[in-house]
Amino acid sequence: MLRERAAEAFGRALHILSTGQNQDLSTAHTAVEQARARLTEPMRVALVGRVSSGKSTLANALLGGELVATGVTELTYNVNWLRYADEPRLVVHFTDGRVPQQRSLAELEAVTVRREENREFLSAIDYIVVDHPNPRLRAFDLIDTPGLDSHYGTDSANTLRFLGRRGDDVRAASVGQAGRADALVLVLARGMARGDETVLADFRGSTAFNGAGPVTTIGALTKVELYWPDHPDPLRTGRRNAQRLMAEAGASRLLYELCPVASLVGAAAATLTDADTADLRDLAALPPALLSARVARGRHFTSRDYPDLPLPAPRRAALFGRFGGYGITLACGLLRDGVPDTASLRENLTEHSGLNAFRTLLVDHFGNRADLVKLQHAADRCRQTLRQLMDSAPPDQYDLLRKALGPIEQLVLDEHALAELAVLRDHYAGRLTLDASTTAELLCLTGERGADPFSRLGLAPGVPLVQARNHCLERLESWRSAAASPTRGGVDRRAAQVLSRSYERFAHHLNQALDALDRLH
């Protein structure tokens, strides 16, 4: 229903533009056509944060495979756009206007890692599209951005000089590509370092992020595995620190939730092999205290020939590079506890990494209103383009652009779900003055506690329809009274009007359902 109404509005706008004979309206036509196409495309989710915050590792962990290059200090800082396709391939897009090049997925490293013989080619890359038959990419495109930093350390600065680029260029590419996304994941590495203040400032003030906030933004606290060995349960420490950051650092105004993830462990679990399990089982035969002490020494564990360790140094190094110290000790502990095989170990590691909780958050928060968020984003970008064109258009073009804008403006005005979304944004921005009870009601009614009707009404599943209808009518009168109160400010009054309409719509549908039941009996 929502898609059909939106497609009709964009279609009317395109029809109006098509009547402009002998006029160059191609930019406007493209903007409207792209907005209409977005309605049937997957949701776009961008991973943003500082360089080396763990975005690419998180992307691989989410998708259960190694689709993005990680762990290399001299990456070329490309934007990687991961999409679903029946056949895997790479498509390289360039900054100089040349035709995009199609490559095989096996060439990912060749277009990602700095090499002297490939300098000119690498310097011209704008972004890379990775097409892959990964089933999780059916639900959303994943945009992995290089970083929002403008100043870099020595290794990064060397690579930027090699490519003839600056830190500001990389940051601009990240912001620009993230601005094309419908939703964002802010990636923080174990907490907010000094440079993360810039990231938060971007989120607060940049129009490129389309008013990023809790409706369209969640956070991932990555690399929590590095809390080990000082903290034997890194995920618990991560949860505690995530709660503190949300409460003390103002992140709650930007993020719906900040979820800790041992992303290195999650990514390693996704590619776990029987050979890995066999090596881990050999290590698990050691006394736990001895293994932990050896693994905690990191570089020594991966390079020294310890006579009391069952694996040669190269195999230990391979495990450590993929799992990290915490991942190795966690996997060995699970094997000691009786996890029987590779599949079970993979499942347990994924759960203990926090990845399952993060995937659930990603799907529940974004997926339940994906069409609505896509429509809002597409309509906003389309309206912005048409208004900018109107600013410099001659009178005849101005009139056509104004008429084409009309159906889109009317769609945004008429779509009640978009009005609910606006109320939700006002709440998270602190513009509403509601008490705890009415705030909880608002969150339910706008779908933050679940998309099904009972969740939105704040009722237990299976409540009799008559009771649900009476509840709607009672709350409808309460919100109508609030909307009519002379003491309410404009934003609060508008919210009360929208929520009154929400209850009115629910009551109407429940009355229809009750009438249908009466006819059956």
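Take the Cα coordinates of region 295-426, assign each an equal point scatterer, and use the Debye formula without solvent to give log10 I(q)/I(0) at q = 0.14, 0.21 Å⁻¹.
Log10 of I(q)/I(0), two decimals: -0.77, -1.19.
Tell me, in nm to one decimal, what length is gained between residue 380 and residue 452 on full extension, where the rule is 0.36 nm per residue of separation less the Cα-Cα distance?
Working it through step by step, the gained length comes to 23.2 nm.
Once you place label points 7 Å from the Cα toward the Cβ at residue 18 and residue 434, how far apart are they in nm?
It is 4.3 nm.
Suppose we keep just the alpha-carbon trace of region 438-485; what are its Rg and Dmax in angstrom?
Here Rg and the maximum Cα pair distance are 11.2, 34 Å.
How big is the charge dipole of region 287-405 about its Cα centre, in debye rounded to the nearest 20, if each Lys and Arg gets +1 on its Cβ and each Asp and Glu gets -1 on its Cβ? Mind showing how you got there, number by number?
Values: 17 positive and 12 negative charges, 75 e Å.
Computed charge dipole of region 287-405: roughly 360 debye.
What would the Debye formula give as log10 I(q)/I(0) at q = 0.07 Å⁻¹ for the alpha-carbon point model of the chain, no solvent?
-0.48
Between residue 337 and residue 275, what length in nm is gained on full extension when 0.36 nm per residue of separation is reduced by their alpha carbon distance?
Here the segment from residue 337 to residue 275 would lengthen by 20.4 nm.
Strictly greater than 26 Å: what percent of every Cα pair in region 1-115 meets that?
43
How much length, in nm to one decimal, is gained on full extension between residue 98 and residue 121, taken as 0.36 nm per residue of separation minus their Cα-Cα distance?
Extending this stretch completely gives an extra 7.2 nm.
Counting only other residues whose beta carbon sits under 12 Å from that of residue 492, what net charge do I get with K and R as +1, D and E as -1? Show your work: numbers first, answer last.
On the way: positive: 431, 488, 493, 494; negative: 426, 435.
Cβ neighbours under 12 Å give a net charge of +2.
Could you tell me the calculated FRET efficiency between residue 511 and residue 5, based on Cβ-Cβ distance and R0 = 22 angstrom, to the nearest 0.05?
Between residue 511 and residue 5 the formula returns 0.45.
If Lys and Arg each add +1 and Asp and Glu each add -1, what is the summed charge of the other residues whose beta carbon sits under 12 Å from the beta carbon of residue 330?
-3
Looking at region 249-290, what % of the alpha carbon pairs are farther apart than 13 Å?
The answer is 70 percent, as a whole percent.
Quick one: net charge of residue 5's neighbours, Cβ under 9 Å, K/R +1, D/E -1?
-3
Taking a cut-off of 28 Å between Cα atoms, list the lysines near residue 403, but don't count ones fewer than 8 places away on the same chain.
Reachable lysines: 374.
Provide the convex hull volume over Cα atoms per residue for region 467-521, in Å³.
Cα-based convex hull of region 467-521, divided per residue, equals 51 Å³.
Could you check the simple spin-label distance between residue 474 and residue 388, using points 7 Å along Cα→Cβ, in nm with one decimal?
5.1
So if we plug the beta-carbon distance of residue 306 and residue 230 into 1/(1 + (r/R0)^6) with R0 = 22 Å, what FRET efficiency do we get, rounded to 0.05?
Rounded to the nearest 0.05, the efficiency is 0.45.
Quick one: pull the percent of accessible area on the chain belonging to carbon and sulfur, 1.4 Å probe, ligands and nucleic acids left out.
Reported share for carbon and sulfur atoms: 50 percent.
How large is the accessible surface per residue of region 413-454, computed with a 1.4 Å probe and reported in Å² as a whole number?
For region 413-454, the per-residue accessible area is 44 Å².
Excluding ligands, DNA and RNA, what is the solvent-accessible area per residue of region 1-129 at a probe of 1.4 Å, expressed in Å²? Don't skip to the end; give the middle numbers.
Values: 6230 Å² over 129 residues.
Computed with neighbouring chains in place, this is 48 Å² per residue.
Under Stokes-Einstein, with the Kirkwood radius over Cα pairs standing in for Rh, what whole-number D in µm²/s applies to region 362-521 at 4 °C and 1.567 mPa s?
Working: Rh = 17.9 Å.
It comes out at roughly 72 µm²/s.
Evaluate the relative contact order of the chain (contact order divided by residue number), counting alpha-carbon pairs under 8 angstrom at least 6 apart; express in whole percent.
Values: 804 pairs, mean separation 80.1, N = 521.
Relative contact order here is 15 percent.
The values are calculated or read from the model by the stated rules, or taken from the named source; none is laboratory data. Just so you know, these numbers come straight off a predicted model, no measurement behind them. Neighbour counts run over all protein chains shown; Cβ positions are idealised from the backbone, glycine included. Quick note on the areas: whole protein, heavy atoms, side chains included, nothing else; ligands and nucleic acids left out. Shrake-Rupley method; radii C 1.70, N 1.55, O 1.52, S 1.80 Å.
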